[in-house]
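The values are calculated or read from the model by the stated rules, or taken from the named source; none is laboratory data. Keep in mind that what you see is a predicted model, and the values were worked out from it rather than measured. Counting neighbours? That spans all protein chains shown, and the Cβs are built from the backbone with ideal geometry, glycine included. SASA here: full protein model, heavy atoms, side chains in, ligands and nucleic acids out. Shrake-Rupley method; radii C 1.70, N 1.55, O 1.52, S 1.80 Å.
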2 protein chains.
Amino acid sequence: MAEPAVRHDVFQAIADPTRRSMLKLLADKEMPIAAISQCFPMTRTAVNKHLHVLSDAGLVSRRKVGRETRYRLRPEPLAEIKEWLAFFDQYWDDRLAALQRFVETDSDE
Amino acid sequence: MAEPAVRHDVFQAIADPTRRSMLKLLADKEMPIAAISQCFPMTRTAVNKHLHVLSDAGLVSRRKVGRETRYRLRPEPLAEIKEWLAFFDQYWDDRLAALQRFVETDSDE
DNA sequence: TCATCATAACACCTAAAGGTGTCATTTTGC
DNA sequence: GCAAAATGACACCTTTAGGTGTTATGATGA
């Protein structure tokens, strides 16, 4: 019961710009839904759905305080994206990529 | 006419696992659609659509060689994701985050 | 206990994503 | 010039994501 089994993909979770804004918003402070939904032009229900996706991906944690539920950033799953990006570091260099393209173009035609 | 105006978001482009596989596949070598679609359990048309999304995001380049179009990785737009992730580096440290949570919990209740 | 407030849960709607199939276009090689 | 091969473009279908509204649940405070 340690980790809540990622159902929603982390990549999919951060695909939506609204959810990316939510993560930045929840980075500094813990917030209840009412406060969060005031920052976005949509219903509380819609905000709650987005929070549920983020929670499924393990990107936010929920904590009950009295009658309100507070959400907070949990950045650990972002490591998966970081690792994925690391694979492409070897292709990052513009000059190297350009050279490789040039060589193959030359040998093909 | 330098850059092809990103219509599809980069975050959205890498949200699909098929497209992520395509990027890895196209990292090493330039490939035509026929060869690419042999690597995925779907129609050439579907593969072409995914490639179109990647192309819109600037993540692949297309080059016509005779009657075939070859695709190749263009990793530059991934920098946007890297920058976005960099924002969360300050919240990365588990101990720091735990401490912050503890402090706020204490002061709240 | 009871009214109130915050959130969760439910049914529902609309638009877009992801997929297939078919046809048009262009290049190759004879 | 013409048949074959590779890709692009189009119409279409199905599923899901994102959204709203309403109702149910649970905690607060007089």
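Key figures for this structure:
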quantity: Shape category assigned to the range A:1-76 from the gyration tensor of Cα positions, a/c cut at 1.5; calculated: oblate
quantity: Amide hydrogen neighbours beyond the local backbone of A:THR69, cut-off 5 Å, H modeled; calculated: A:ILE33
quantity: Closest approach to the B/A rotation axis among chain B Cβ atoms, residue and whole-Å value; calculated: B:ALA15, 2
quantity: Pairs from A:LYS82/B:LYS49; B:LYS49/B:LYS82; A:LYS24/A:LYS82; B:LYS29/B:LYS64; A:LYS29/A:LYS82 whose Cα-Cα separation, in the structure shown, is over 21 Å; calculated: A:LYS82/B:LYS49; B:LYS49/B:LYS82; A:LYS29/A:LYS82
quantity: Karplus-derived 3J(HN,Hα), 6.51/-1.76/1.60, for each residue of the range B:64-77, Hz, glycine and proline x; calculated: 7, 10, x, 9, 10, 10, 9, 10, 8, 5, 9, x, 3, x
quantity: Other-copy label distances relative to A:TRP92, 7 angstrom Cα-Cβ extension, nm; calculated: 1.2
quantity: Sparse-neighbour loop sites [trypsin sites (Lys or Arg not before Pro); the range B:1-75; at most 13 other C-beta within 10 Å; DSSP]; calculated: B:ARG7, B:LYS29, B:ARG67
quantity: Where B meets A: accessible area buried, both sides, 1.4 Å probe, Å²; calculated: 3800 Å²
quantity: The range A:39-52 - phi-based ³J(HN,Hα) in whole Hz, Karplus 6.51/-1.76/1.60, Gly and Pro as x; calculated: 8, 10, x, 7, 6, 4, 4, 5, 4, 4, 4, 4, 5, 5
quantity: Inter-copy spacing of B:CYS39 label points, which lie 7 Å from Cα along Cα→Cβ, given in nm from shortest upward; calculated: 3.9
quantity: Average accessible area per residue (Å²) across the range A:1-76 - probe 1.4 Å, nucleic acids and ligands excluded; calculated: 54 Å²
quantity: Positions from the range B:46-85 whose accessible area shrinks by 40 Å² or more when the full protein complex is built, not the chain alone, probe 1.4 Å; calculated: B:ARG63, B:ARG72, B:PRO75, B:GLU76, B:LEU78, B:LYS82, B:TRP84, B:LEU85
